[in-house]
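Below you'll find the structure, written out as structure tokens, and then a few comments.
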Amino acid sequence: MSRDSKYDILFEPVQIGPITTKNRFYQVPHCNGLGHARPRAEAANRRVKAEGGWGVICTQEVEIHPSSDVSPFLEGRLWDNLDIPQHRLMTDAVHESGALAGIELAYTGLHASNLYSRIAPMAPSDGMVYGNNPSQSREMTKRDIRNVRKWHVEAAKRSREAGYDIVYVYASHDLSVLQHFLKPQYNQRSDEYGGSIENRVRLTREILTDVKEAVGDTCAIAFRFAVDELRGPDGLQAECEGRDVIGLLAEIPDLWDVNISDWSNDSATARFEPNEGFQEPYTAFVKSMTSKPVVGVGRFTSADAMVSQIRRGILDLIGAARPSIADPYLPNKIDEGRIEDIRECIGCNICVAQDNLAAPIRCTQNPTQGEEWKRDWHPEKIQPATSNESVLVVGAGPAGLECAMQLANRGYEVTLAEAGDELGGRVSRESQLPGLSSYARVRDYRETQIVQKPNVQIYKGNRLSAEDIFKLEIPHVICATGSSWRRDGVGRHHAFAVDGIDAVAVLTPDDVMAGSEIGQRVLIYDDDHYYLGNTIAELCVQRGKQVCLVTPDSLISSWTEYTLEQEKVHARLSALGVEMITLHALQSVNAERASIASVYDANQARDIEYDSLIMITSRTPDNSVYTDLLAQENKFKTLIAIGDCEVPSTVAAAVYAGHLAARNLDSGEDFYAPLFRREMPGLD
């Protein structure tokens, strides 16, 4: 197969200063939690994207000096020449496939608490540092400013020595001292670096010029800039400072990489920005103000949407972070006419959450993310079967679908039995909740792949018992039968059942998603803290219900802080009129009311009347078939439980478990041992 000619424009080369990229696919800088601590994993992660056809592959933000240390987060590091060999691993890996390598030099200013270096953080003016760290930043002196200029030049020269083709100057996401200089709320200086927009942009102009003079003869200089912060007059606005900055710097960089800030807006989830190209209203004007090429993002997964961006003069290069994570081979699949094989990003931000947790990257759609070096996993390649034996996968949720698909890719004969009438399990149900329709892509991609496989037999509406499975005499059995939400309140806060709950007709998310009737006054008790509590609250409001959401945590849906959604979740529920009560736990319930009390003082209690009580606390694995099979485990060569059937977790964890099971089917007794490598620091 070959690509449709209407996509030819995506494969045209683009001149960027002194270099040329082979096509318009551009992996913009993004974090992956590997960074300076795991350089081999970092190189392998980026190598796969170069193999997959991306014309440019960039690093995450790279610290250029110990006074801008973002520990505990594992980003890049280029403090001195000792760091160059690590970066050379990445550039060599990218160049092998004819892609260009870009490095995002970052001096993060007040965003860096310097927890490792213990150097006092610096900013345009005296002020606080990022987060809730009980320390402040000091105002930069003229000497500090000269040093920051010098450090950028030194880092740029090291970048060239390390093999990078594109060197970034960074002013975005509220994570850069250059952006802090641009913002009046951070910059109250009265010298030539403060006051007017011309003064506030001065340091950026100087550093762009410095870096270009240092390495611009061989390296392209990119400027990553947030044109709007979506904060109105309290932040940068595209129609004000954003436009002014571009006008003042228009022809200096070789490439404009434009987006919106902060990170929660730039990497907005599909729940809050469901459309591709959602940044276009803010960034579309940039090309009219510069002759230099422009790259931008918008969670692009559709080749048609990409072509539209270029033909309408919005972008010259299609930027991607999350879509390149979900499918590193996206460009090649378009080139080869395999559009239906693209693993589309679902915009869940599980990748972002990992970085916020200072942990290696993972992806709901692509379970090989972060495992390229550690386990030697490749998103498009898998080892062939070692026998002609058959495998039975029981359950077709995200774990079962991934497992069956990959076993089929290996060449095994696979029987996939699903108790329900459709495939997908929890993602099919959850995708019906407000804002979660993209979760259906987890099912759709795998179902599309599986139905094309002649070595997979699918049986829907087929609930197998242990006795049924024994009779099939299939040597390898993988149970992926999911889990069910508990009704008794046991979860993070409650170790035992809530008093009186046995006498109450409790609803769970399973009931709500199955269409159970819900009364007018709804009390939701959320001890899960992820997305189900708030999406079910929104669903109830859509159905005209009066909703009270109670949580023992200090925030509504607190885990969504990691996915950059918590503030948006709270704002949406508030706008919908949902009563939200934090730091309160259930004490007791009866058929008409619940008694809740402060988690700090049980004497501070109140009653809430309800017609329906929805409990979202914890789940119980649906593993009865698996445990029944274990009684005669010796009848099978393989008998394992995977996904929520083994331990309830995220959809990403379920997909990963399915992938692991398929890879390790023939690994013997130590199922977890194969291909698990660690990077060990060298000792001088």
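Show me the strands (runs of 3 or more DSSP E) found entirely inside the stretch 536-645 where at least 1 residues are of a type in the set (D, E) and over 30 Å from A466 (Cα atoms).
Numbers: elements: 546-550, 579-581, 584-589, 593-598, 605-609, 612-616, 619-621, 638-641.
Here the list reads 579-581, 605-609.
If A303 meets every condition in (1) in contact with a Pro (Cβ under 8 Å, 6 or more places away or on another chain); (2) closer than 15 Å to M1 by Cβ apart from one, which number is that one?
(1)
How about the stretch 321-380: which of its residues are hydroxyl-bearing (S, T, Y) and closer than 14 Å to G52 by Cβ? So that I can check it myself, show each step before the final result.
Taking the stretch 321-380 as the starting set, the residues that turn out to be hydroxyl-bearing (S, T, Y) are 324, 329, 364, 368.
Answer for the stretch 321-380, where residues must be hydroxyl-bearing (S, T, Y) and closer than 14 Å to G52 by Cβ: S324, Y329, T368.
Within the stretch 18-137, considering only strands (runs of 3 or more DSSP E) that don't extend past its boundaries, which have at least 1 residues that are crowded, with 24+ Cβ neighbours inside 10 Å, in contact (Cβ under 8 Å) with a residue 40 or more places away in the chain and β-branched (V, I, T)? I'd like the intermediate steps shown before the answer.
Details: elements: 19-21, 25-27, 56-63, 100-106.
Strands (runs of 3 or more DSSP E) meeting the threshold: 19-21, 56-63, 100-106.
Looking at (1) surrounded by fewer than 19 Cβ atoms within 10 Å (Cβ to Cβ); (2) in contact with a His (Cβ under 9 Å, 6 or more places away or on another chain); (3) not hydrophobic (A, V, I, L, M, F, W, C), which one does R322 not meet, given that it meets all the others?
Of (1) surrounded by fewer than 19 Cβ atoms within 10 Å (Cβ to Cβ); (2) in contact with a His (Cβ under 9 Å, 6 or more places away or on another chain); (3) not hydrophobic (A, V, I, L, M, F, W, C), only one is false for R322: (1).
Taking the criterion of being more than 27 Å from C348 (Cα to Cα), assigned by TED's automatic domain parsing to the domain that holds A171, of a type in the set (G, A, S) and in a helix (DSSP H, G or I), would at least one residue in the stretch 253-276 satisfy it?
no
Residues being crowded, with 18+ Cβ neighbours inside 10 Å and of a type outside the set (V, I, T): count how many of those fall in the stretch 619-643.
First, the residues of the stretch 619-643 that are crowded, with 18+ Cβ neighbours inside 10 Å: 619, 621-623, 625-626, 629, 636, 638-643.
So of that shortlist, the ones also of a type outside the set (V, I, T) come out as 619, 621-623, 626, 629, 636, 639, 641, 643.
Of the residues in the stretch 619-643, 10 are crowded, with 18+ Cβ neighbours inside 10 Å and of a type outside the set (V, I, T).
What are the residues in the stretch 277-291 that are in contact (Cβ under 8 Å) with a residue 40 or more places away in the chain and either surrounded by 23 or more Cβ atoms within 10 Å (Cβ to Cβ) or in a helix (DSSP H, G or I) (or both), if any?
Of the stretch 277-291, the ones in contact (Cβ under 8 Å) with a residue 40 or more places away in the chain are 282-283, 285-286, 289-291.
Once the filter is applied, which keeps residues that are in contact (Cβ under 8 Å) with a residue 40 or more places away in the chain and either surrounded by 23 or more Cβ atoms within 10 Å (Cβ to Cβ) or in a helix (DSSP H, G or I) (or both), the stretch 277-291 yields Y282, T283, V286, M289.
Within the set of pairs 6+ apart or on separate chains, which have a first residue in the stretch 212-223 that is free of Cβ contacts under 8 Å to residues at least 60 places away in the same chain, a second that is of a type in the set (K, R), and C-beta atoms under 6 Å apart?
Here the result reads V215/R160, each pair linking the stretch 212-223 to a residue that is of a type in the set (K, R).
Where residues in the stretch 1-17 are touching a residue at least 60 places away in the same chain (Cβ under 8 Å) and in a helix (DSSP H, G or I), which of them is farthest from G163 (Cα to Cα)?
Filtering the stretch 1-17 down to residues touching a residue at least 60 places away in the same chain (Cβ under 8 Å) leaves 1-4, 6-7, 9-11, 14-17.
Cutting the leftovers down to in a helix (DSSP H, G or I) gives us 6-7, 9-11.
Details: K6: 34, Y7: 31, I9: 28, L10: 26, F11: 24 Å.
Here the residue is K6.
Identify the single condition in (1) surrounded by 18 or more Cβ atoms within 10 Å (Cβ to Cβ); (2) among the hydrophobic types (A, V, I, L, M, F, W, C); (3) more than 22 Å from T563 (Cα to Cα) that A268 does not satisfy, given that it satisfies every other one.
A268 satisfies every listed condition except (3).
If the Cβ limit is 8 Å and pairs must be 6+ apart or interchain, which residue in the stretch 613-640 that is farther than 30 Å from I556 by Cα pairs with which residue that is among the aromatic types (F, W, Y)?
Pairs found: L629/F470; L629/F636; Q632/F470; K635/F470; L639/Y626; I640/F671.
Looking only at residues in the stretch 550-572 that are out of contact with any Ser or Thr (no Cβ under 9 Å at 6 or more places or on another chain) and buried (at least 16 other Cβ atoms within 10 Å of the Cβ), which one is nearest to H493 (Cα to Cα)?
Kept after step one, since they are out of contact with any Ser or Thr (no Cβ under 9 Å at 6 or more places or on another chain), are these residues of the stretch 550-572: 559, 561-562, 571-572.
With the extra rule that they be buried (at least 16 other Cβ atoms within 10 Å of the Cβ), the set shrinks to 559, 561-562, 572.
Values: W559: 15, E561: 19, Y562: 20, R572: 25 Å.
By that ranking, first place goes to W559.
Answer yes if at least one residue in the stretch 604-623 is within 20 Å of L401 (Cα to Cα) and among the polar types (S, T, N, Q), and no otherwise. Walk me through it before giving the result.
Step one: filter the stretch 604-623 for residues within 20 Å of L401 (Cα to Cα), giving 621-623.
Then keep just the ones that are among the polar types (S, T, N, Q); that gives 623.
Yes, the conditions are met somewhere in the stretch 604-623.
Tell me, yes or no, whether the stretch 181-200 has at least one residue that is hydrophobic (A, V, I, L, M, F, W, C), buried (at least 24 other Cβ atoms within 10 Å of the Cβ) and touching a Phe, Trp or Tyr at 6+ places or on another chain (Cβ under 8 Å).
Yes, the stretch 181-200 contains at least one residue that is hydrophobic (A, V, I, L, M, F, W, C), buried (at least 24 other Cβ atoms within 10 Å of the Cβ) and touching a Phe, Trp or Tyr at 6+ places or on another chain (Cβ under 8 Å).
Quick test for you: out of D304, D376, D316, D341, pick the one residue that is of a type outside the set (A, V, I, L, M, F, W, C) and in contact with a strand residue (DSSP E or B) (Cβ under 8 Å, 6 or more places away or on another chain). Give the steps one after another, and end with the answer.
Values: D304 fails: in contact with a strand residue (DSSP E or B) (Cβ under 8 Å, 6 or more places away or on another chain); D376 fails: in contact with a strand residue (DSSP E or B) (Cβ under 8 Å, 6 or more places away or on another chain); D341 fails: in contact with a strand residue (DSSP E or B) (Cβ under 8 Å, 6 or more places away or on another chain).
Among D304, D376, D316, D341, only D316 is of a type outside the set (A, V, I, L, M, F, W, C) and in contact with a strand residue (DSSP E or B) (Cβ under 8 Å, 6 or more places away or on another chain).
The values are calculated or read from the model by the stated rules, or taken from the named source; none is laboratory data. Here the structure is a predicted model, which is why all the values come from computation and not from measurement. With ideal geometry, Cβ positions are generated from the backbone for all residues, glycine too; neighbour counts draw on all protein chains shown.
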